[in-house]
Amino acid sequence: GEESSHFHHSLYTVACAWAQMGNAQKAVAALDRVSREGMPCYPLFARDPMLNPIRRDPRFAQFLADSRSAWEARRQTLARLR
């Protein structure tokens, strides 16, 4: 359930299902929640073929751009901590 610390993994599967059905609005909403709740994994979002049906949707493109920016910021922060 949603109380699980790993719910974001289940929600990612739901987002992929929405993408496969061509519902970009629901897929992106789920992906946004996935990212906010513990799985901010830009490389996965960028490469997962399950998300291909929504790649041309502007909402997904914006989500991907935002995810990449956040991913790069985290990488820079971690690099400074080394």
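To keep it simple, each residue is scored yes or no on (1) at pLDDT below 95; (2) on the phi < 0 side of the Ramachandran plot; (3) touching a Ser or Thr at 6+ places or on another chain (Cβ under 9 Å).
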residue: H6; (1), (2), (3): yes, yes, no
residue: V14; (1), (2), (3): no, yes, no
residue: A17; (1), (2), (3): no, yes, no
residue: A24; (1), (2), (3): no, yes, no
residue: A46; (1), (2), (3): no, yes, yes
residue: I54; (1), (2), (3): no, yes, no
residue: D66; (1), (2), (3): no, yes, yes
residue: A70; (1), (2), (3): yes, yes, yes
residue: R80; (1), (2), (3): yes, yes, no
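Looking at R36, R56 in this structure, which one is under 10 Å from the mean Cα position of the chain (by Cα) and free of Cβ contacts under 8 Å to residues at least 12 places away in the same chain?
R36
If you take the residues of region 8-33 that are of a type in the set (S, T, Y) and farther than 19 Å from W71 by Cβ, which of them is nearest to the chain's Cα centre (by Cα)?
Looking at residues that are of a type in the set (S, T, Y) and farther than 19 Å from W71 by Cβ, I get T13.
The values are calculated or read from the model by the stated rules, or taken from the named source; none is laboratory data. Computed from a prediction, not measured in an experiment: that's the story for all the values here. Positions of Cβ are generated from backbone atoms using ideal geometry, with glycine treated the same way; all protein chains shown enter the neighbour counts.
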